[in-house]
Amino acid sequence: MALVVVLGGFAAQPARAASEVEITQLRLERVGDDAYLNASVNFALSPLVEDALTKGIALYFVAEAELYRKRWWWTDQLMGQAVRYMRLSYQPLTRRWRLVVSSTPIGNMGLSTLLSQNFDTLDEALEMIKRLGRLRLGNADEFGGDPLLAVVFRFKLDTSQLPRPFQIGVVGHSDWNIAVERSLSLPMENSK
C-alpha cells in the first residue's frame, strides 16, 4: 500500500524535458606503464529524479571506456577497456549523500573492492560522479607507437537497477534518460 502512495506521488508531477548530457573532457594519458582515460560529463538531474533520490531510491550510474587500435585491413582491435559503477543514495537519518564506487556491478557483491564516500550536499556528490578520473585501460606499451588511438566512452544512468515498479514507469520518460556516448581519436599524453 505504501509503495502505491509513493509511486502515485511521482506520477502526479508534470513531465519536464531531460537536460542535455554532454562530455566536456576526454583525455588519454600515460602514467608510468599504464594508460588511463580521464573524462568529465555535464548533466543535471530533473526534479522528478531528485525527488526519487530524497525518498530513498538509489541511482546507479555506469561509465564505460574502450580503447581501440585502428587497422585499415580489418576491424579495429580492442586494446583495453574499463568500467566504473557508481551508486548514489540519500541517508535520511544523517541527512547526507552516499556515493559508492566500484569496478564491478554493485549489489550482492561478496568480496569486492568498494570506495564509499559521504557528502553534505547533492551537488558535491554529483561533482564526484561527473569527474571520472583514471579509468585504467591497460598497459601503455601494448598500444604501440600509434599517434592517435580510438576511444569510445559511454556514460549512463542505469535504470535497470531501479526497483521494479520504477522500471515500468521509466520507460519512455525523458526525465530518467541520462546517457551519452562519444567515439573519437585521442593522442596518448605523458603525465608529468
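Every number here is computed from the coordinates shown, using simple stated rules; none is lab data. Quantities reported herein were computed from a predicted structural model and do not represent experimental measurements. Cβ coordinates were reconstructed from backbone atoms using ideal geometry, including for glycine residues, and neighbour counts include every protein chain displayed.
Residue order for Ser183, Ser102, fewest other beta carbons within 10 angstrom first, comes to Ser183, Ser102. Starting from the Cα of Val83, step 7 Å along the direction of its Cβ; do the same at Ser174; then give the gap between the two resulting points in nm. It is 3.0 nm.
The GluC sites (Glu not before Pro) found in the stretch 20-103 that occupy coil by DSSP, while having at most 10 further C-beta atoms within 10 Å, are Glu20. Counting neighbouring beta carbons within 10 Å and listing from fewest to most, the residues Thr159, Thr94 come out as Thr94, Thr159. Label separation (Asn139 vs Leu93): 4.7 nm, computed from points 7 Å beyond Cα along the C-beta direction. The orientation-averaged shadow of the Cα convex hull for the stretch 40-106, equal to a quarter of the hull surface, comes to 6.5 nm².
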